[in-house]
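Where a number appears in this text, it was derived from the coordinates with a stated rule and is not lab data. Being a predicted model, the structure only gives us computed values, none of them experimental. Cβ coordinates were reconstructed from backbone atoms using ideal geometry, including for glycine residues, and neighbour counts include every protein chain displayed.
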Amino acid sequence: MAADSIAVPLPRTESRSLLLDWLCTVDHKKIGMMYIVYALIFLVIMGCEAILMRIQLARPESTFLSADAFNRLFTMHGTTGIFFVAMPILIGFGNYFVPLMIGARDMAFPRLNAFSFWMTAFGGILLYASFFTGGSLLHGGDAPAVGWFAYAPLTSPAFSPGHGTDFWNLSLLLAGIGSIGAAVNFIATVLCMRCPGMTLGKMPLFAWMNLVTGGLILVAISPLTAAQLMLMADRFLGGHFFDPAAGGQPVMWMHFFWIFGHPEVYVLIIPSFAFISEVLPVFSRKAIFGYPAMVAATAGIGFVSLGVWAHHLFTVGMPSYGNAFFVLTTMVVAVPTGIKIFNWLATMWGGKIRFATPMLFCIGFLFQFLIGGLTGVMLATAPFDWQLNNSYFVVAHFHYIIVGGILFAIFAAFYYWFPKMTGRMLSEKLGKWHFWIFVLGFHLTFDFMHVPGLLGMPRRVYTYQAGRGWGVWNMISSIGVIFQAAAILIFVYNIVHSYFRGALAGNDPWDAWTLEWATTSPPAEYNFSSVPAVRSRRPLWDIKHPEDPDWKYE
Amino acid sequence: MSATPATFADEAAELRPLSRGRVGMWCLITAESAIFLIFVIAYLVYMGTSLDGPTPKQILTVPVITTICLLSSSATMHWATSALRRGKLALFRLFWFVTLMLGTIFLVGTGREWHRFIYQENFTIHTNLFGTTFYSLVGLHASHVAVGLIALATVMILALFGKVKQEHSERCEILAMYWHFVDAVWVVVFTVVYGLGR
Ligand SMILES: [Cu+2]
């Protein structure tokens, strides 16, 4: 049969060439879409993992999951969420819109771009291949069970036999290489590919923030890559980096991991800021307030975030000046972040606000990100952290940032840019249902999750005794998940339905001001047949209002 | 409104000097530096904390000749690229070849050092903490030299077939940036491993 198929070339059917088209593409828009779709699939998968864990924790002494399976689930949930949902979806939007917003034909290195995507994609597939190795699938196969930060010496061959940890290590190594490639591309694109007139000071904040994110990825992901190479040397070659029996120090892994891990939070939140900074002004009908301050605050957050990592190690024990240093630097992050929140509020202030779905998600972001930031400041206080580190209070805190902040910003981006990417509007009605049900579910789950943390419930326990007073709160958290899942179903239905049947969008459905709305929806392969003249930060405003252009005031 | 296409063209001309190839290479160098930094930190933290021998003093000999070779290859690389920029192709090929050879001598030197350690001293990555950090740091650098040599050899082969011309000087200079970086890293690794660590 094989000989036959070589001798007689297969007929090039429509669908086959379409598939090849996507597999071999180097077009930034297609790669961006692939990132996003890939991440959405993993979003659903990690959501299912969360559902299983919440069923297990809803009641005390539950036997729904085994301890082993629970360990594998929280490891996979966390790892997937950071590396295969948040990173690719944010890089995907950046890939799609940075070139469009700066009037470029493509990213600086299109083939590197495709390479980066496929590295990330293979990383995710490799991670999930672990489920199908080792023991029974019901108990999670040989999926890693070391937590998403994989502390030593739990990852040593003695405590993690089998290959679960190697799957974790290798897949993240691949994804890390992909992310570094994407970062190289973002920086080179923003610095070298801008259209005439688009000076750095006239770039949309979206491009600025992706530039900073790129820089942060370069210096933050690399330490993880280094630490993972060391872990590989330990596990495959018999090295002793994190082996206490030979004098190695497990705490070194903690340092290396969090030198990556803390800036990683900003690698995720800064592109989310980028979404908010584009969507919020358009729906407030005002230019962004304090553009230079926003750029400076972004760069400031990027720098400061590199010097705060040891706030994850307060309970490990540090000298008092170490504690003081990391408490202070962590609290300093609140200053540029506060500047941003005030600037967004000032943008809304006095604006003619349109409460369309993208704007609703922006407003949700503002509230929830603020609260998540405040619990962050609480946890940054070393004595408070000694009490509550590794409790459900921490879990609630970072889900407030990741779900309440980052995911809400991603939803805003979806409702805002879906028309540009597909040419069709997402349904507003379904969008509002999605928003309100998700808000309800989010607050049920994560507001009430703070309480068992305060009452002393540690994270990562697969069950707990009755009579500790944790049951009610856990039950409420689990009930919230039902609403979140329903909202996600509405969202997915909305995407699929609108993709085929949605109202036609036209070039510029939101009456927006940045360059991506100057071209067709979806844009042609070459992006722009002619790039509009850029003389201000809102080139489309200038075109629409020649009598009162922005460049007179900037 | 005095916006004429000419002003835009002027601005564009101002923006040109940033080459995306160079920016991309600078980014790569930044990321690589961070990786090396972590390995260097691990080396320094674990210096002298091995529970058993051998110690660096017992077995390390300072690789003077190979170090001189690698560092001088930066100079020959510089001469090669500037010859190419001026269109002197024969000179370019000569210096490029010398660079390639100097890099190869360095890598062979490392190979001989490792061979002696493993087969005569019985000193491997598994022996002690010093072995773990030594082989990883020096090996990480050597693997970068190897990647550089593969790239250099590719250009050399193309040059011998007459495919490398003056208009390719930008690309060769970008490759040279990587080579200079690898050399600079050796200065750090050398200082840490054969200086401070010994
Ligand atoms: Cu942190």
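Annotations for the structure displayed:
- From helices alone, the protein assembly as shown scores -22500 deg cm²/dmol at 222 nm; the rule is -39500 (n - 2.57) for each run of n ≥ 4 DSSP H residues, then divide by the residue total.
- Distance between region B:123-198 and region A:419-481 - C-alpha centres, whole angstrom: 50 Å
- Summarising the label geometry, the points placed 7 Å from Cα in the beta-carbon direction at A:F236 and B:L89 lie 4.2 nm from one another.
- Inter-label distance, B:T61 to B:T191: 2.6 nm, where each label sits 7 Å from its Cα along the C-beta direction.
- Centroid-to-centroid separation of region A:518-554 and region A:206-220 [C-alpha atoms, Å]: 25 Å
- Placed amide H near A:R424: partners under 5 Å, 5+ positions off or other chain: A:A505
- Convex hull volume of the Cα atoms of region A:209-331, normalised per residue: 115 Å³.
- A:T315/A:A129 FRET efficiency (R0 45 Å; Cβ-Cβ; nearest 0.05): 0.85
- Student exercise, the protein assembly as shown dipole from Lys, Arg, Asp, Glu Cβ charges, in Debye to nearest 20: 800 debye
- Sequence-distant lysines (8 or more away, or on other chains) whose Cα lies within less than 27 Å of A:K30: A:K202, A:K420
- Under 20 Å from B:K163, Cα to Cα: aspartates and glutamates that are on another chain or at least 8 residues apart: B:E173
- Extension gain for the segment A:V461 to A:E61, taken as residue separation times 0.36 nm less the Cα-Cα distance, is 142.9 nm to one decimal.
- Taking a straight Cα-Cα cut-off under 20 Å and skipping sequence neighbours fewer than 8 places away in the same chain, the lysines within cross-link reach of B:K165 are B:K88.
- Nonlocal amide H pairs with A:A150, under 5 Å, H built at 1.01 Å: none
- Positive-end residue of B:A151, A:L100, A:H497, charge dipole of the protein assembly as shown with Cβ unit charges: A:L100
- Hull volume in cubic angstrom per residue (convex hull over the Cα atoms of region B:43-120): 96 Å³
- Trypsin sites (Lys or Arg not before Pro) restricted to DSSP loop in region A:315-408 with at most 13 other C-beta within 10 Å: A:K352, A:R354
- Here the spin labels are modelled as points 7 Å beyond Cα on the Cα-Cβ line, and at A:D511 and B:H126 they lie 7.3 nm apart.
- For chain B, a Gaussian network of Cα nodes joined below 10 Å ranks B:A153, B:A31, B:A83 by mean-square fluctuation, and the top entry is B:A31.
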